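The structure appears below as C-alpha cells.
The values are calculated or read from the model by the stated rules, or taken from the named source; none is laboratory data. These numbers come from a predicted model, not from an experiment. Cβ placement follows ideal geometry from the backbone for every residue including glycine, while neighbour counts extend to all protein chains displayed. Surface accessibility is based on the protein's heavy atoms, side chains included, excluding ligands, DNA and RNA. Shrake-Rupley method; radii C 1.70, N 1.55, O 1.52, S 1.80 Å.
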Amino acid sequence: MTAARHQRDEAPPHVRYDATAQAAAELVIARYSTSFGAASRLLADPVRARVRSIYALVRVADEIVDAPRPDVASHTQRAVLDHLEREVSVAIDRGLSSDLVVHAFARTARACGIGMDLIEPFFASMRTDLTRTTHDEESFARYVYGSAEVVGLMCLRVFLADEPDAQASYDRLAPGARCLGAAFQKVNFLRDIAADRDELGRRYFPGVDPHRIDDADRDRLLDDLDNDLALAAAAVEQLPPSSRRAVRVAHRLFAELSGRLRETPVERLRHERVRVPGPRKAAIVLDSVVRGRR
C-alpha cells in the first residue's frame, strides 16, 4: 500500500467526504470548461479548489436551464432549480449536504464569506432563462449582474479570504471583478448568438436581432465589453499573487476571443461559435506564466 493510499484510508470520515465532494466539483469542471480549466490550474491551493467549487455549482445550475430534456417541462426545471437554491442555503447554514457539488460549494462559501446576497441574484437570473426570451436594457443589466458579475464577486471573496483587511480590498476591487464577469458573459453571448437563437430561442442583447446582426451591431457590442475588460485589467493586477496570474490568463483569453469576434464576418457569427485554437490558448498561458515570473 502506498503512503498516499494509507493516508487516505486513515483520514477521518468527514475529511474523506469533503475530498470526495471536491473531486465531484473537479469532474464537472473537467467535463464542461476547457478555458476555465486551463486558467484555474495556475491558481494556488486552497484558492484553486475553492474557485472550482464555485464554477461547478454555477455549471450545474446553468445546465438545469440550458440543457432541457425532451420529457421535462419548464415548470419541472424551475422546481429543480428552486430545490438546488434551497439546498445551497441549507448547506451553508449547516455545513453539510448530501449533494456533493453543493457540499463543496458550501464549504467554500462558509470559509470565504460568500453569502446569499450574491447567491440569490445568481439563481434569479437562472430562473429568468426559463421565462424570458428577450431583454430590454434594464432586464439585461439585471440578468448580467446575477448570472456573471456576482460570480466574479464570489471569486473575489475567495481570492481575498486569507488577506489582511480583506473587506477593504474587496470593496476596492469589487467594481473590477464585476466588470470582468460582465465581459466574460457578453463575450459568450456574442459567440453563442446562433445557438441561443436556434436551440434555446433566446435573444440576450437588447435591440439586436440575431438574424439581422450587422457589423455595426457587432462592433458596438464589442466596444462595450472591451471597455469592461479595460476596467477590469487594473483590478486584476491588484489581486494577491496566489490568484493574479490565473485571472490574468482568463482575462487575456477572453480579450483574444473579443479580437477574433471583431475579425469574424457577421455571417459566420450567425452560424458558428468562434473559439481560440488550442495552440494559441497554450501560447497565451505560457506567455502569462513567463511574465508572472519576471
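For the reader, a short list of remarks on this structure follows.
- Filtered residue count, the range 14-38, keeping only those that are among the hydrophobic types (A, V, I, L, M, F, W, C), at pLDDT below 85 and either surrounded by fewer than 17 Cβ atoms within 10 Å (Cβ to Cβ) or closer than 23 Å to GLY113 by Cα (or both): 1
- Taking the range 63-81 as the range and being surrounded by fewer than 16 Cβ atoms within 10 Å (Cβ to Cβ) and either within 20 Å of the chain's Cα centre (by Cα) or modelled with pLDDT under 95 (or both) as the test, the residues that pass are GLU63, ALA67, ARG69, PRO70, ASP71, VAL72, ALA73, SER74, HIS75, THR76.
- The condition of being within 24 Å of THR108 (Cα to Cα), within 21 Å of the chain's Cα centre (by Cα) and surrounded by 13 or more Cβ atoms within 10 Å (Cβ to Cβ) holds for LEU173.
- Total residues in the range 140-165 satisfying the condition of being small (Gly, Ala, Ser) and either free of Cβ contacts under 8 Å to residues at least 12 places away in the same chain or in contact with a strand residue (DSSP E or B) (Cβ under 7 Å, 6 or more places away or on another chain) (or both): the figure is 1.
- Looking only at residues of the range 131-156 that are of a type in the set (D, E, K, R), at pLDDT 95 or above and open to solvent by 50 Å² or more (accessible area, probe 1.4 Å), we find that the one that is nearest to GLU85 (Cα to Cα) is ARG142.
- Matching residues in the range 178-195 - criterion: being open to solvent by less than 30 Å² (accessible area, probe 1.4 Å) and over 16 Å from ARG142 (Cα atoms): VAL187, LEU190, ARG191, ILE193, ALA194
- In the set GLU137, GLU120, only one residue is more than 17 Å from ARG52 (Cα to Cα) and outside the structural domain of LEU96 (by the TED database); that residue is GLU137.
- Filter result for the condition that a residue is exposed (fewer than 15 other Cβ atoms within 10 Å of the Cβ), at pLDDT 95 or above and among the acidic types (Asp, Glu), over ASP224, ASP198: ASP224
- PRO210 being under 18 Å from TYR143 (Cα atoms) and not assigned by the TED database to the domain that holds VAL47: no
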